[in-house]
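**Q** Can you read through this structure? Questions will come right after.
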Amino acid sequence: MKKINKYIMANTCYIRACLVVVFCVSAGSLMAQGSSAKDSVAKKDATVKTPAAAQDSTPAAPVAKKRSYTKNTFDGNYIIDNQTVMVPIKGTLEFDIQHRFGAVDHGFKDLFGLFASATMKLGFSYTPINNLQVGFDATNEKMEVDWNLKYALLKQTRDDAFPVSVTLYGNAMMDTRAKDNTTLFVSTSDRFSYFYQVIVARKFSENFSLQIAPSLAHFNNLPGFLDAAGNVQQIYKNDNFLIATSARYKISEGSSIIVNYDQPITQNPANNPRPDISFGLEMRTSGHDFEIFFGNYGSLMPQNNVLFNQNNFRTGQFVLGFNISRLWNF
């Protein structure tokens, strides 16, 4: 024991030095571990925060642009004898006056048709909701009236994502004359006929627009004849197809040249209808549309023109006509 005490006393300085070294090494190790733990926590925090940071730096998705449609493909509801692809804006009330004089081929005898018997039609239409128009017409020709609908199904876009406008049109016409020996009415349905169109149009430029309209006219009852055996034979078919083509070219801000060509397709047993060529001038203001023109159609109801037109443009059987439209918006 004495030897141990002497050894410790003799080597006290050495032992103290060793303890200092061990203390320093331990402290350094502990500091290193603490630094490693802090670095690990920092890295963990960075790992957790990285997705949020990346999410914040991701660019926002582009906002979808509102689709812009082509405007004023045509100036009004009518282009001579045909409907256009246009449907007025919601809340529009329209009043139409249409007039057709006699054919000009008689010359001065009836002052080129001005003194001949003429037909006229008055019509009202209204747009209660967007893209849908409802209307009513009455004409002195056979005391006929009609109810009609017009719906803008598709519209041409300015970026040409959709290159054409498509509108549906249809009417139901009734002959209201009293029943007598000159009429063919057995039942009420015999008084009715119908007309349908699919109108496809494109505005090629600010000045030029073109449309084509496959059309169908249907009559519930038509005249016929008895053959030698006493059987009833048809003069006309009940369903008649036609292709109507119309174009407008603007020559000034408020004036345009307008043309139509209507080609019957259905071949009837007799009295096949003749095609129509018409051309004229249209003048437009903010609330009025006025058209004056020459054409072969003398009727003001489209199904009558499809089936019964006998005016021949090759012999100069043109008719002077005009359309006047007045619009109000509520």
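**Q** Thinking of region 246-297 as a set of Cα atoms, what percent of all their pairs are more than 19 Å apart?
**A** Working: 548 of 1326 pairs.
Across region 246-297, Cα pairs with separations above 19 Å total 41 percent.
**Q** For region 175-271, count the residues as N, evaluate 2.2 N^0.38 Å, and divide the Cα radius of gyration by that value, please.
**A** 1.56
**Q** Among the GluC sites (Glu not before Pro) within region 250-330, which fall in a DSSP loop and have no more than 11 other Cβ atoms within 10 Å of their own Cβ? The partial results should precede the final answer.
**A** Details: sites: Glu253, Glu282, Glu291; in loops: Glu253.
Here the GluC sites (Glu not before Pro) that fit, given the DSSP loop and packing criteria, are Glu253.
**Q** At most 13 other Cβ atoms within 10 Å and a DSSP loop assignment: could you name the chymotrypsin sites (Phe, Trp or Tyr not before Pro) in region 191-244 that fit?
**A** In loop regions of region 191-244 (DSSP not H, G, I, E or B), the sparsely surrounded chymotrypsin sites (Phe, Trp or Tyr not before Pro) are Phe204.
**Q** Could I ask something else about it? Just want the ordering: Asp146, Asp180, from fewest to most Cβ atoms lying within 10 Å of their own Cβ. If you can, show how the numbers build up before the last one.
**A** Working: Asp146 24, Asp180 7.
In order of increasing Cβ crowding within 10 Å: Asp180, Asp146.
**Q** Okay, next question. Hey, what's the per residue convex hull volume over the C-alpha atoms of region 78-329, in cubic angstrom? Show your work: numbers first, answer last.
**A** On the way: hull volume 37.5 nm³, N = 252.
Output value, Cα hull per residue: 149 Å³.
**Q** If the label point is 7 Å along Cα→Cβ of Arg67, which residues in region 139-158 have backbone nitrogen under 17 Å from it?
**A** Within reach of a label on Arg67, which here means backbone N under 17 Å from a point 7 Å along Cα→Cβ, region 139-158 contributes 151-158.
**Q** What is the extension gain from Leu168 to Phe225, computed as 0.36 nm multiplied by their sequence separation minus the C-alpha to C-alpha distance, in nm to one decimal?
**A** On the way: separation 57, 0.36 × 57 = 20.52 nm, distance 3.54 nm.
Extending this stretch completely gives an extra 17.0 nm.
Only the coordinates and a few stated rules stand behind these numbers; no lab work does. Remember, predicted model here, so these are calculated numbers, not experimental data. All Cβ positions, glycine included, derive from the backbone under ideal geometry; neighbour counts span all protein chains shown.
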